[in-house]
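Colleague: Just dropping this structure here.
Bear in mind these aren't lab numbers, they're just calculated from the coordinates by the rules spelled out. In this text the structure is predicted, and so the values were computed from the model without any measurement. When we count neighbours, we look across all protein chains shown, and the Cβ atoms used for this are built from the backbone with ideal geometry, even at glycine.
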Amino acid sequence: MFDIEREKRAEGPVLRQNCIKVGNRGEELEYLTFPSLEETGMVKHLFTTRTGGVSRGEFSTMSLSFTRGDDPKCVMENYRRIAEVLGCRPEDMVAAHQTHTTNIRRVTRADRGKGITETRDYENIDGLICNEPGIVLVTYFADCVPLFFVDPVHRAVGLAHSGWRGTESEMGACMVKAMGEAYGTRPEDLYTAIGPSICVNCYEVSEDVAERFEHFPGVVQKGRKPGKYQLNLREANRQILRQAGVKDDRISVTDICTCCNSEYLFSHRASMGRRGNLAAFLEMLYI
């Protein structure tokens, strides 16, 4: 198991490292899961690492992006390996088209395969929601914040991508609202998770970006250079979910930074943009 740097928490590790043999040569594929989501008993989910795929060079090895210059055959094989872990097919997956919006798509069976094995007929979508079992939602990351949503009462799920623009526009609250309108989800019913993303110590921003977050208590800190600031996107997203009505004990916040662990997780900052994409996967089970 890869030795990673974690934030120290009194309750111990928040994310679980998992390892499975995949491929003809039995490569080790590592992925991350939130026990809090698993304990709902109604979903399969995972967050990928860089291990266990077939991509090479700066995309090494588990890259899941068709748009960053990687060999499409390698990317598809990587999806097949993730599908093997989840017990599904790439044709069951539906991928976002992320452009730092708060646009959310309600996914149905008619969308299966889009963005993976089929051409998308939508764009500018940073959030996906669904209440049909057997459909796997997919969103992409390399420092931005992954948001997971599970409603065991109304049997609905959601995944979202939230960079600083999405966080400023309160993507988390937009997802809670969208699930409420679509499925009757109540905030207090939700189990949520804030996935692996860049930590406050690694995320330096300019003054104009920092000013946009002044209304979030404790989220902005003075940087190490004049005119620079450190931004805590995870804490901002936690506050957004809490203000949207999600219970404190149902918000799991990652203890793993993508930038601090750039050999294990793709990081846009650490690689200066030369990288593949991680992905979050979330599926509601048949029960």
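Colleague: Ratio of the chain's C-alpha Rg to 2.2 N^0.38 Å, to two decimals?
Modeller: 0.94
Colleague: Take every Cα-Cα distance within region 29-142, group them into 10 Å bins from 0 onward, and report for each bin the whole-number percent of pairs it holds.
Modeller: P(r) over region 29-142, rounded to whole percents: 14, 45, 37, 5.
Colleague: How large is the charge dipole for region 169-287, taken about the Cα centre, if only the Cβ atoms of Lys, Arg (+1) and Asp, Glu (-1) carry charge, to the nearest 20 debye?
Modeller: 360 debye
Colleague: What is the Cα centroid distance between region 212-255 and region 61-116, reported in whole angstrom?
Modeller: Rounded to whole Å, the Cα centres lie 29 Å apart.
Colleague: Compute the distance in nm between two label points, each set 7 Å from the Cα along the Cα-to-Cβ direction, one at Arg80 and one at Lys21.
Modeller: About 1.9 nm separates the two model spin labels.
Colleague: Where in region 164-187 is the amide nitrogen less than 15 Å from a point lying 7 Å along the Cα-to-Cβ axis of Thr99?
Modeller: Answer for this model: 166.
Colleague: What does the extension gain come out to for Thr40 and Arg269, with contour length at 0.36 nm per residue minus their alpha carbon separation?
Modeller: Net length gain for the segment: 79.0 nm.
Colleague: Given the DSSP H assignment, sum -39500 (n - 2.57) over each helix run of at least 4 residues in the chain and divide by its residue total; what's the result at 222 nm in deg cm²/dmol, nearest 500?
Modeller: Helices in the chain give a 222 nm mean residue ellipticity of -5500 deg cm²/dmol.
Colleague: By per-residue mean of other Cβ atoms within 10 Å, what is the highest-first order of 95-107, 31-43, 188-200?
Modeller: 188-200, 95-107, 31-43
Colleague: Now a separate question. Quick one: go through region 120-145 and flag any residue whose amide nitrogen is under 18 Å from the point 7 Å out along the Cα-to-Cβ line of Thr67.
Modeller: 120-129, 137-145
Colleague: At a Förster radius of 30 Å, what calculated FRET efficiency corresponds to the Cβ-Cβ distance of Glu188 and Glu123, to the nearest 0.05?
Modeller: Using R0 = 30 Å, I get an efficiency of 0.35.
Colleague: Could I ask something else about it? Using the Cα gyration tensor of region 1-52, with a ≥ b ≥ c the square roots of its eigenvalues, what is the shape: rounded (a/c below 1.5), prolate (a/b larger than b/c) or oblate (neither)?
Modeller: oblate
Colleague: Hey, another quick one. Shape call for region 130-287 from the C-alpha gyration tensor, a ≥ b ≥ c root eigenvalues: rounded (a/c under 1.5), prolate (a/b greater than b/c) or oblate?
Modeller: Verdict is oblate for region 130-287.
Colleague: Also, I was wondering about something else. Obtain the nm distance between the two label points defined at Arg165 and Ser206 by a simple spin-label model: each point lies 7 Å from its Cα along the Cα-to-C-beta direction.
Modeller: So the two model labels end up 1.4 nm from each other.
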